[in-house]
Ligand code: ATP
Ligand code: MG
Ligand code: MG
Ligand code: MG
């Protein structure tokens with residue numbers, strides 16, 4: 001069966017509408033009334049108020065295709081076949097309504113029925129929590145062969161306190177020829193670190209309350225929350241080697257080719273990673289700005305700035321010397337207009353924000369790259385494999401290179417960056433600024449510490465210090 005991205009999205013939503021769900025819109029990437037979250041990172045993140053009982057939904061069954069940003073996957077982009085900084089999560093939700101008995105046969109029907117996705121059941125594998133006998137039994141009853149059902153003790157969703165429970169994940173076997181590890185590699189199983197078994201869907205059975213006393217009490221109202229990666233499923237329908245060779249990304253890659261002096265996609269694996277990074281990042285930046293975020297030095301704005309500057313430096317590696325990102329905004333809009341018509345409508349505004357940020361960075365970019373390349377050469381000659389913290393700070397402070405950008409660039413050359421040295425240089429500058437403020441009572445230093453719950457199932461202890469006047473130009 002061949003379906004494009006718009007058709008896959010529509011089919012998923014229609015399936016659950018037929019089963020009594022209400023279609024909810026894709027909400028803004030910027031969380032509303034939720035200071036614990038930097039970005040919406042899953043479908044369920046937009047539904048907290050229903051799941052914690054603060055608001056009663058008019059229909060306890062809901063379905064959505066939710067745009068989501070995950071900063072913890074930035075490093076994965078282009079390197080794995082399946083990770084993006086922004087992706088769409090298809091989901092169906094039950095707020096105290098249906099549970100395992102209903103959702104498991106539905107999932108199997110959607111995936112394998114010829115009327116719906118029509119995937120070959122032989123290619124599908126399901127993992128489940130070892131003690132979750134109910135899940136096992138319902139999957140067997142739905143028709144999953146015993147040797148495609150795999151126990152995994154990681155299939156438990158728990159954030160420490162509050163609702164928790166087992167989950168079950170569905171993997172698509174893309175075949176050993178797609179793999180990056182050997183057939184007999186210990187990681188070569190559904191759920192392991194490999195490129196063969198593609199995780200497409202996670203279904204969470206939230207059935208316990210994890211108490212402060214560390215016990216698990218059954219919840220009176222059990223909930224279902226699920227997440228399926230649209231781009232991954234589309235890659236299956238379009239028979240693509242990665243998420244990128246699909247209608248969601250190829251027009252962006254093709255456009256990038258026109259900016260590059262001499263590089264083409266599909267000629268060289270290292271260049272292809274750069275094409276993918278640009279296609280991924282321009283999509284995220286476009287949507288984030290469309291949802292009202294702006295490049296800055298803190299929090300969300302810093303993420304946009306970091307992605308944008310990384311895309312610019314990545315463009316350099318493909319021989320792109322002119323500002324180019326703003327020109328890609330209409331392409332993003334065209335690709336996504338079926339479900340997100342507002343992007344195309346706001347394309348001029350979004351492009352103008354990107355253009356001025358690109359121009360601002362271009363004034364220091366070459367100076368920064370010269371410095372960086374020189375230090376890298378020096379380090380290599382001296383046989384050290386680390387860039388010192390002072391230089392990293394200078395790149396940040398004078399040339400507008402986010403520390404992560406310096407690290408990525410260095411790591412491509414086999415070097416690391418002295419992070420604590422960087423932080424020390426940053427603190428030193430803060431102290432200087434603070435002293436100066438004490439004396440002249442001028443504009444002070446603002447420190448913003450945010451915490452990013454980047455994944456629904458895991459707390460990623462990711463703290464970031466940002467300083468308003470430690471200027472990224
Ligand atoms: P992975 O193990 O591949 O990183 P995950 O287990 O972190 O995925 P979940 O938190 O279970 O992902 O999210 C639900 C679904 O959303 C996944 O099964 C996958 O299809 C999709 N997904 C998650 N992260 C990404 C991403 N960075 N890019 C694209 N799709 C994603
Ligand atoms: Mg992940
Ligand atoms: Mg996973
Ligand atoms: Mg998962």
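The values are calculated or read from the model by the stated rules, or taken from the named source; none is laboratory data. Since the model is a prediction, treat every value here as computed from it, not as a measurement. Because the Cβ atoms are built from the backbone with ideal geometry, glycine has one as well, and the counts that use them run over all protein chains shown.
Observations, loosely collected:
- Qualifying residue in the range 51-58 (condition: closer than 26 Å to residue 335 by Cβ, assigned by TED's automatic domain parsing to the domain that holds residue 172, away from ligand 3 (no atom under 16 Å from the Cβ) and part of a helix (DSSP H, G or I)): no
- Pairs where the first residue, in the range 356-374, is over 11 Å from residue 309 (Cα atoms) and the second is assigned to a helix (DSSP H, G or I), C-beta under 6 Å, 6+ apart: 368/395
- Set side by side, the residues 225, 247, 272 differ, and just one is more than 16 Å from ligand 4 (Cβ to nearest atom) and crowded, with 18+ Cβ neighbours inside 10 Å, which is 272.
- Within the range 202-231, residues that are more than 14 Å from residue 66 (Cβ to Cβ) and assigned by TED's automatic domain parsing to the domain that holds residue 159 have Cβ atoms under 7 Å from residues that are within 16 Å of ligand 1 (Cβ to nearest atom) and assigned to a loop (DSSP other than H, G, I, E, B) in these pairs: 210/158, counting only partners at least 6 apart in sequence or on another chain.
- Checking residue 224 against (1) closer than 16 Å to residue 157 by Cβ; (2) touching a helix residue (DSSP H, G or I) at 6+ places or on another chain (Cβ under 9 Å); (3) within 16 Å of ligand 2 (Cβ to nearest atom), the condition it does not meet: (3)
- Residue within the range 183-202 that is at positive phi, within 16 Å of ligand 2 (Cβ to nearest atom), within 19 Å of the chain's Cα centre (by Cα) and surrounded by 15 or more Cβ atoms within 10 Å (Cβ to Cβ) present: yes
- Just one of the listed residues (96, 43) is under 14 Å from residue 224 (Cα atoms), touching a residue at least 40 places away in the same chain (Cβ under 8 Å) and under 14 Å from the mean Cα position of the chain (by Cα), and it is 43.
- Residue under evaluation residue 218, criteria (1) away from ligand 1 (no atom under 16 Å from the Cβ); (2) out of contact with any strand residue (DSSP E or B) (no Cβ under 9 Å at 6 or more places or on another chain), criterion not met: (2)
- Lone unmet requirement of (1) under 28 Å from residue 137 (Cβ atoms); (2) more than 12 Å from ligand 1 (Cβ to nearest atom) for residue 90: (2)
- Residue check, residue 340 exposed (fewer than 13 other Cβ atoms within 10 Å of the Cβ) and either modelled with pLDDT of 95 or more or not assigned by TED's automatic domain parsing to the domain that holds residue 11 (or both): no
- Unmet criterion (only one of (1) within 16 Å of ligand 2 (Cβ to nearest atom); (2) surrounded by fewer than 19 Cβ atoms within 10 Å (Cβ to Cβ); (3) not in a loop (DSSP other than H, G, I, E, B)) for residue 45: (2)
- Residues that are outside any loop (DSSP other than H, G, I, E, B) and surrounded by fewer than 20 Cβ atoms within 10 Å (Cβ to Cβ), drawn from the range 14-32: 14, 17, 18, 22, 23
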